[in-house]
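What follows draws every value from the coordinates through simple rules; no lab data is involved. Keep in mind that this is a model prediction, so the values were computed, not measured. Neighbour counts run over all protein chains shown; Cβ positions are idealised from the backbone, glycine included.
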Amino acid sequence: MPRVNKALISAAAAVTLLLAACGEAPQQAGGPPGMGPQGPVEVGVATVETKPVPVTTELPGRTSAFRVAEVRPQVNGIIQKRLFQEGGTVKEGDQLYQIDPAPYEATVASAKAELSEAEANLKAQRAKAKRYRELVKTSTVSQQALDDAIAAEGQGEARVAAARASLQKAQIDLGYTKVYAPISGRIGKSSVTEGALVTANQANPLATIQQLDPIYVDITQSVSQLMRLRRDIAEGRVLSTNGRTPVTLEVEGVEYGIPGELQFADVTVDTGTNSVLLRAVVPNPNQDLLPGLFVRARVLQGAREDAILISQRAVVRQPDGSAMVWVVGDDGTVNPRPVQAAQAIGSDWLVSAGLKPGERIVMEGLQKIRPGAAVKPVPMTAAQVATGQSAAPRKAD
């Protein structure tokens with residue numbers, strides 16, 4: 001019996017402890033939301049501020065040569081020499097090819113002889129016309145003979161002019177036997193070698209020269225983006241540049257260090273892609289950019305005077321892609337709020353709707369809060385927000 005009594009006493013004590021524990025649980029559950037054993041949860045917060053922000057648009061583009069010249073022969077003949085290094089740099093006026101000049105030299109010599117003959121005949125015809133003008137006064141020659149002499153003089157002058165033109169044409173053709181570079185730039189491979197027969201204005205170029213400094217960047221922008229930008233400018237949300245529009249490039253994920261400038265925007269919409277063409281000119285002194293290269297171009301198209309930027313750390317994406325942030329109210333509780341954050345600028349989101357200046361948003365401690373929870377906001381400095389550092393703990397009073 002003593003052993004049974006001892007067991008009953010132990011069981012009664014265990015039941016008493018269990019009931020006491022059950023009685024305490026509802027009391028804790030009924031406490032303020034988010035209130036832990038140490039009080040409200042500490043969260044790092046940042047205050048929403050406005051500042052001027054440039055409006056840039058990142059667009060795809062391709063590079064193209066600033067100038068392109070296809071070198072073609074202007075006379076027929078045999079290539080005697082190629083005077084450039086394929087793939088090298090040539091200057092305007094450098095000789096590229098030598099076409100056999102012998103036939104054209106002969107033509108020049110023949111034209112000179114014809115000109116000399118025409119000038120000699122003209123000299124005799126002028127002298128004859130001069131004599132007949134004196135003789136007709138004394139009726140030694142008839143008026144008809146004088147008229148014939150004057151006509152012969154005019155024909156002689158025409159023959160001289162034609163002979164001079166023929167000589168000039170022959171000299172031009174002789175000059176064309178030396179093929180010169182029409183522009184400065186990088187020359188590609190030669191399509192002919194020594195001994196090849198070429199013809200005037202043939203379809204295939206002898207070589208192609210491309211000027212690569214500066215270089216064009218052809219950018220495409222969708223009509224919807226362009227129309228939205230114009231609406232923002234018209235409604236005063238974005239200030240137009242109305243002047244120089246800088247363009248920066250990214251090539252294979254690497255920033256190209258030399259900025260360019262937007263030259264013009266096309267006025268015609270491409271019906272296939274529903275986009276417009278923008279053309280930028282970018283310096284290329286080291287010729288790092290080659291024609292046909294795919295690039296990402298950031299175009300400055302305006303500026304927002306009172307823009308709201310928040311760190312990407314504070315934005316939570318919902319399953320449907322919408323964005324939300326946690327806002328600390330004046331009563332010290334935190335609640336989620338949807339925002340419009342469609343454009344990323346560096347490590348921040350540009351918020352167009354959903355927040356006001358002076359409001360506090362949670363940057364740190366998002367995993368410890370729930371709607372309506374009481375929190376203890378710890379302000380974070382701009383440096384902490386930018387570098388991702390934690391909020392400095394507050395010292396106890």
Ranking request for peptides 159-169, 70-80: highest mean number of other beta-carbon atoms within 10 Å first, then the rest in descending order.
70-80, 159-169
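What share of Cα pairs, in percent, lie more than 27 angstrom apart in segment 165-302?
Tail of the P(r) past 27 Å holds 46 percent of the pairs.
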Using the Karplus curve 6.51 cos²θ - 1.76 cosθ + 1.60 with θ = phi - 60°, what ³J(HN,Hα) values do you get for each residue of segment 62-72, in whole Hz, with x for Gly and Pro?
9, 7, 8, 5, 5, 9, 10, 10, 8, 7, 10
Averaging sequence separations of C-alpha pairs under 8 Å and six or more residues apart, then dividing by the length of segment 244-397, give the relative contact order as a whole percent.
16 percent
Computed lengthening from GLN343 to GLU194, 0.36 nm per intervening residue step minus Cα-Cα distance
47.7 nm
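Hey, any idea what Rg/Rh is for segment 147-191, computing Rh the Kirkwood way over Cα pairs?
Values: Rg = 20.3 Å, Rh = 14.2 Å.
For segment 147-191, the value is 1.43.
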Using only the Cα atoms of segment 257-397, build the gyration tensor, take square roots of its eigenvalues as a ≥ b ≥ c, and label the shape rounded, prolate or oblate: rounded if a/c is under 1.5, else prolate if a/b is larger than b/c, else oblate.
prolate
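Highest first, please rank the peptides 304-311, 149-156 by the mean number of other Cβ atoms sitting within 10 Å of their residues.
Numbers: 304-311: 18.2, 149-156: 16.5.
Peptide ranking by packing, descending: 304-311, 149-156.
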Could you name the aspartates and glutamates whose alpha carbon sits less than 19 Å from that of LYS169, not counting residues in the same chain fewer than 8 places away?
ASP100, GLU105, GLU114, GLU117, GLU119, GLU157
When N is the residue count of segment 101-176, what does its C-alpha Rg come to as a fraction of 2.2 N^0.38 Å?
1.49
Evaluate E = 1/(1 + (r/R0)^6) for ASN335 and ASP94, where r is the Cβ-Cβ distance and R0 equals 56 Å; express this FRET efficiency to the nearest 0.05.
0.15
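Using only alpha carbon pairs under 8 Å that are at least six residues apart, calculate the relative contact order of segment 251-320 and give it in whole percent.
On the way: 41 pairs, mean separation 19.2, N = 70.
Contact order relative to length: 27 percent.
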Could you grab the relative contact order for segment 101-176? Cα pairs under 8 Å, six or more apart, rounded to a whole percent.
53 percent
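Answer rounded, prolate or oblate for segment 63-137, using the Cα gyration tensor with square roots of eigenvalues a ≥ b ≥ c: rounded when a/c is under 1.5, else prolate when a/b is larger than b/c, else oblate. Before the final figure, lay out the partial values.
Numbers: a/c = 5.95, a/b = 3.04, b/c = 1.96.
Note, shape of segment 63-137 comes out prolate.
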